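Below is one structure, written out as structure tokens, with a few remarks after it.
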Amino acid sequence: MNLHTVSLWLRALFRRDRMERQLAEELDFHLEMQARKHRAAGADADEARAEARREFGNVELVKEDSRDMRHVRALEEAAQDIRFGARLLRRSPTFAIVAIVAIGLAIGINAGFFTLIDAFVWRPVPVVRPERLVKVGLRFSNGGGSIVFAHPQVEAIVAHSTTLVDVMPEARCVPIALRPSPSGKTLVTAAGCVSGNYFAALGGDATVGRPLLPSDDRIGAPPVVVLSDGFWARVFSRAPDIVGRDVIVNGSHATVAGVIRREFVGVRPLVPDVWMTNATAVAVGATPGRLDDPSNRFFDMKARVREGVTREQAEAELSGLVAETPPPGADADAARITGIRLMPNDAMLKLDWTTSLALAPVVIVVALVLVIACANLANLMLSRALVRQREIGVRLAMGASRGRLVRQLLTEGLLIAFAGAVLGLVLSRWTVATVSRAFFASVPATFGTIALDLSPSWRVVAYTVGLAGIAVVLFGLAPALQVTSQSLTAALKGEDNMLGTRIRRSRFRDALIAAQVAGSLVLLVASGTLIASMRGFGANAAGLDAARVTTATLGLAAQGRVPPSLASARATFAARVNGLPQAAVTAQAMRPLFTSWWPFLSVAPAGGSPSFRQFAYNVVTPHYFDVVRQPLLSGRSFNAADSATGANLAIVTTSAAQTLWPGATAVDQQLRVLEGRDEPDRIYRVVGVASDAHSQAVWDADDAGHIYLAASARDLEMNDMVLLVRADAPQPAIMRAIEDVAQSVAADVPLRVEPALAARELTITPLRYGTWITTGVGAFGLGLALIGLYGVVSFTVAQRRRDLAVHVAMGASPRDVMRLVLARELKLIGVGLAVGLLLSTVEGQLIGAFFVPLASLGPGALVALSALLFSVAGVACAVPARSALGLPPMTVLRQE
Amino acid sequence: MTTRLDLLQGTLDLLILRTLTGDPRHGWAISERIQQLSQDVLRVNQGSLYPALHRLEQQGWIVSDWGVSELGRRARFYQLTASGRRQLQKEEDEWARFTGAVGRVLRLA
């Protein structure tokens, strides 16, 4: 087909009227010429015209044949079907709206979820040439692996690798204290530590000034930073003279070299406020890492595999560069580096086995919703099609092909699905944008700005269209096939409706009903599980009262290497905050509340042969239990006198006490604490028993209890102790007061101040969203199922009017009629519930296996949910069934 | 039935293309011309002429344009395209081979 014929074809399709007129004119001309010829031969005008017509044959047929030559018949038929389908839908707007909204919501939920997966898994990372990007990782002799490197390995790879290009080590960065000008107020700022080639390799151009360069990444190079566009706007109001400005980073001077273009995100969806090179980061203390310590692994590494080199070849070469030989006499079990593995990093997330498994439950839930929606529509379409069976019978009898009729019935479904897909796409776009905005806003600013591209890609659109196609097959094809398979004579005689003849009850439809009920139950159980879990995570459920507690951390997490200047600044800071008039009571703790970072301690009752058990522990100062309001049940708390003596004292929680000394009082017991390999065990004296509390992250199963050790002077100096402040003043006020103290004590040390509940909130938030989504989806699914049941029963009642009327005429009581109508449906609901219960149990086991902290619904709750569903479904059936009771038998019977 | 129709169609195509080698003609003129040149032996079935014309146009072998006929009335004139000329050559060759072969069989059998 060339351009000319395509244009002819398009004209035939879209300028149909004109083509038609021209064809008529052409044939008319022919007839006139022929008539003229006959007239010239002596015939009179009428005769000549008649003869010409006779010779020509059937003009309409010729027109038809000529039209066919344009190959547009199939399309014209499709257009007819679409017009017909649209007319049918217009005639029953309620059906059309319910169907389109139902399928639209179902497709929208799927598309929204797919958008998220797409953004992480398939969308290329927003950098130049993402294809050959890899994440470099280490392999260990014990089979384990790691993605953090120490400086010597980084050096070896950067200097000697020939199979990798653009090797980009990135030091792990912590938030920095940044003063925008020497006299300005310190801001805690999200920092990114990158290699000098990072921006050139990934296409991070500067809109103002220049990006970081390899020359900035040498030890001793003058410290420079580049700003993100957002930070430049927020803090410097887009000052055009930003380049060359002096900023104070953690107390050191640094120069602003430029501003990176706004679109640049990098290989992680988090954009920091400020980037600096690894060398600068080490110099100003923006990373806890140390270059001179070969055991200090703090570099992530990205790189590109050189063109023409396979990943395996590169791995082999790199493994040779970093593999360690065990030193003679070394511990055979000690893990040593054996090689390198390269993981593709062309998308944010690698879709591997574990990720897929984690995603599976959600995929199942959203797919279930689509299946339910389709099942429902299939029911409705079937009812509608059956109502038309007489008409369809007539068409079949007049010679319409079954294929054509199926196509026509499918077109109606196609229209619904298409409208639904459009609605779904719009809905998902809106929902994803809204939810993600809210979700991103809950991420602390010190993490950086989330930059995830969630606009629908062509994959999302293709997926949505594909879903619509699948939906049509699911809800449209089966009814269409079933309706057109009717026996001709029966349909014409309306025999299916006749007395005594069996209304064909399709197993297909029954299975659909059961599936809907089962699906709804599974969804309800899933959201019930989540809601129950959320209740468990409520603010007051922790056994603590942390609502009025503020935490403050001065300085970076230094991992046991606190410089003396910082230690003394912290001591002054703690004392000054304690002296604030707003602060009711303060304490310090080694680990923040509601985090997963609590270490474990192996302890045993002293005396006898020790059998050690592990407990999560914290190191706290005297007023800790007053600050968090964790009641002491017996004994006493730590006090200032203890700190002075430096005695080894411990407080255990009830659960820990019961495990360690079952049936005995724990107070004044001796606790043996297992120390490192070469050190002798230490003995602590238990001075009190505290009530149990969920002091760790909501994910942690910390029911086993905790052990608290009294902080020693050494702990206070060497550990990153968190300051906990209980105040009666409003939280923003106390936070401001604490910031002011920090500013006057140590202006250039980063300070983190937040409500104690913020950490808890951060871990709960994803779950809360999950709960909302699952509950919304579950409610929608249930609504669908109920609408479906309602529709099916009303349809059944309508179909069996005569049947029922006869029963009533012969003296059936209302009860009998209800039983007649509902017996089968109720049985189906029962079957569906049984299947749903089975699936829910499996689901519960799966969830339990992967997400420990989720509550599991007990058998009682399952039964109650089933009973609830049964009664709701029963009502949905009973309402239309009641209409059967009011049937006046004689009227109905006379109708035919 | 289909084979006979195809054969007929094929022949008709050949004849239509051949009559269009000169000036553009409208449908009636094409049928007249064929009739006239074949000395009334070949009568074009007019019911199949127009579908054939439209098919040939759809295949790009002829193009149509509206012009004014000898009567002063608007008529659709058909004209051979370059690819139509090539197609004509091909069909003429095939026809020659076909009739030659049939002739040989009739002579020698």
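The values are calculated or read from the model by the stated rules, or taken from the named source; none is laboratory data. A quick note: this is a predicted structure, and the numbers were derived from the prediction, not measured. For neighbour counting, all protein chains shown are included, and Cβ atoms are generated from backbone atoms with ideal geometry for every residue, glycine included. Quick note on the areas: whole protein, heavy atoms, side chains included, nothing else; ligands and nucleic acids left out. Shrake-Rupley method; radii C 1.70, N 1.55, O 1.52, S 1.80 Å.
Going through the range A:59-118 one residue at a time, which ones are within 14 Å of chain B (Cβ to nearest Cβ) and either free of Cβ contacts under 8 Å to residues at least 12 places away in the same chain or under 30 Å from residue A:452 (Cβ atoms) (or both)?
Result: A:60, A:61, A:64, A:65, A:68, A:69, A:73.
Scanning the range A:3-12 for residues that are over 48 Å from the mean Cα position of the chain (by Cα) and facing chain B (nearest Cβ under 8 Å), which turns out most open to solvent (accessible area, probe 1.4 Å)?
A:4
So that you can scan it fast, the table gives a plain yes or no per residue for (1) surrounded by 14 or more Cβ atoms within 10 Å (Cβ to Cβ); (2) touching a Cys at 6+ places or on another chain (Cβ under 8 Å); (3) of a type in the set (Phe, Trp, Tyr); (4) closer than 17 Å to residue A:669 by Cβ:
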site: A:601; (1), (2), (3), (4): yes, no, no, yes
site: A:604; (1), (2), (3), (4): yes, no, no, yes
site: A:607; (1), (2), (3), (4): no, no, no, yes
site: A:610; (1), (2), (3), (4): yes, no, no, yes
site: A:615; (1), (2), (3), (4): yes, no, yes, yes
site: A:624; (1), (2), (3), (4): yes, no, yes, no
site: A:632; (1), (2), (3), (4): yes, no, no, yes
site: A:635; (1), (2), (3), (4): yes, no, no, yes
site: A:641; (1), (2), (3), (4): no, no, no, no
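In the range A:162-205, what residues are open to solvent by 20 Å² or more (accessible area, probe 1.4 Å), hydroxyl-bearing (Ser, Thr, Tyr) and touching a residue at least 24 places away in the same chain (Cβ under 8 Å)?
The answer is A:162, A:181, A:186.
Filter the range A:843-882 down to the residues that are at pLDDT below 70 and in a helix (DSSP H, G or I), then identify the one that is most open to solvent (accessible area, probe 1.4 Å).
A:850
Got a sec? Which of B:64, B:83, B:31 is among the polar types (S, T, N, Q), part of a helix (DSSP H, G or I) and more than 12 Å from the chain's Cα centre (by Cα)?
So the residue among B:64, B:83, B:31 that is among the polar types (S, T, N, Q), part of a helix (DSSP H, G or I) and more than 12 Å from the chain's Cα centre (by Cα) is B:83.
For the range A:755-765, name all the residues that are closer than 12 Å to residue A:697 by Cβ and open to solvent by 40 Å² or more (accessible area, probe 1.4 Å).
A:761, A:762
In the set B:43, B:86, B:74, B:25, which member is at pLDDT below 85 and within 14 Å of chain A (Cβ to nearest Cβ)?
B:43
Could you check residue A:242 against (1) closer than 17 Å to residue A:172 by Cα; (2) in contact with a helix residue (DSSP H, G or I) (Cβ under 6 Å, 6 or more places away or on another chain) and say which number it fails?
(1)
Six or more apart or on different chains, Cβ under 7 Å: which pairs go from a residue in the range A:132-158 that's within 15 Å of residue A:343 (Cβ to Cβ) to one that's of a type in the set (Asp, Glu)? Could you list them?
Short answer, once both residue conditions are applied: A:133/A:346; A:147/A:300; A:148/A:300.
State yes or no: is residue A:811 farther than 24 Å from residue A:782 by Cα and either modelled with pLDDT of 80 or more or assigned to a loop (DSSP other than H, G, I, E, B) (or both)?
Yes.
If we keep just the residues of the range B:59-71 that are modelled with pLDDT of 85 or more and touching a Lys or Arg at 6+ places or on another chain (Cβ under 9 Å), which is surrounded by the most Cβ atoms within 10 Å (Cβ to Cβ)?
B:61
When residues of the range A:645-662 are filtered for being over 17 Å from residue A:608 (Cα atoms), of a type outside the set (A, V, I, L, M) and over 42 Å from the mean Cα position of the chain (by Cα), how many remain?
3
Residues in the range A:681-733 that are over 23 Å from residue A:586 (Cβ atoms) and touching a His at 6+ places or on another chain (Cβ under 7 Å): how many?
Within the range A:681-733, residues that are over 23 Å from residue A:586 (Cβ atoms) and touching a His at 6+ places or on another chain (Cβ under 7 Å) number 1.
Can you name the number of the only condition in (1) out of contact with any Pro (no Cβ under 6 Å at 6 or more places or on another chain); (2) modelled with pLDDT under 80 that residue A:452 fails?
It fails just one condition, (1).
Inside the range A:385-488, counting only helices (runs of 4 or more DSSP H) that do not spill past its ends, which hold 1 or more residues that are open to solvent by less than 60 Å² (accessible area, probe 1.4 Å) and within 20 Å of residue A:91 (Cα to Cα)?
A:389-397, A:402-441, A:478-484
Within the group A:120, A:113, which residue is within 18 Å of residue A:456 (Cβ to Cβ), open to solvent by 60 Å² or more (accessible area, probe 1.4 Å) and assigned to a helix (DSSP H, G or I)? Working first, answer last.
Working: A:113 fails: open to solvent by 60 Å² or more (accessible area, probe 1.4 Å).
Just a single option satisfies the conditions, and that option is A:120.
With B:37, B:17, B:106 as the choices, which residue is more than 14 Å from chain A (Cβ to nearest Cβ) and within 26 Å of residue A:7 (Cβ to Cβ)?
That would be B:17, the only listed residue that is more than 14 Å from chain A (Cβ to nearest Cβ) and within 26 Å of residue A:7 (Cβ to Cβ).
Of everything in the range A:800-833, what is crowded, with 18+ Cβ neighbours inside 10 Å, of a type outside the set (Gly, Ala, Ser) and over 29 Å from residue A:866 (Cβ atoms)? Give them in sequence order.
A:801, A:802, A:803, A:804, A:807, A:808
Could you figure out which of (1) within 12 Å of chain A (Cβ to nearest Cβ); (2) surrounded by fewer than 18 Cβ atoms within 10 Å (Cβ to Cβ) isn't true of residue B:50?
Status for residue B:50: all satisfied but (2).
Going through A:148, A:154, A:136 one at a time, which residue ends up being over 18 Å from the mean Cα position of the chain (by Cα) and open to solvent by 20 Å² or more (accessible area, probe 1.4 Å)?
On the way: A:154 fails: open to solvent by 20 Å² or more (accessible area, probe 1.4 Å); A:136 fails: open to solvent by 20 Å² or more (accessible area, probe 1.4 Å).
Result of the check over A:148, A:154, A:136: A:148.
Working carefully through the options A:40, A:45, A:50, find the one that is more than 8 Å from chain B (Cβ to nearest Cβ) and touching a Lys or Arg at 6+ places or on another chain (Cβ under 8 Å).
Sole residue among the options that is more than 8 Å from chain B (Cβ to nearest Cβ) and touching a Lys or Arg at 6+ places or on another chain (Cβ under 8 Å): A:45.
Given the criteria part of a loop (DSSP other than H, G, I, E, B), touching a Pro at 6+ places or on another chain (Cβ under 7 Å) and polar (S, T, N, Q), does residue A:637 qualify?
So residue A:637 passes the test.
Could you give me the residue pairs with C-beta distances under 7 Å whose first residue belongs to the range A:21-37 and is more than 7 Å from chain B (Cβ to nearest Cβ), whose second residue is open to solvent by less than 10 Å² (accessible area, probe 1.4 Å) wherever it lies, and which are 6+ apart or on separate chains?
A:23/A:66; A:31/A:52; A:31/A:56; A:35/A:48; A:35/A:52
Which condition number in (1) touching a Leu at 6+ places or on another chain (Cβ under 6 Å); (2) small (Gly, Ala, Ser); (3) at pLDDT 85 or above is the one that residue A:201 fails?
For residue A:201, the exception is condition (1).
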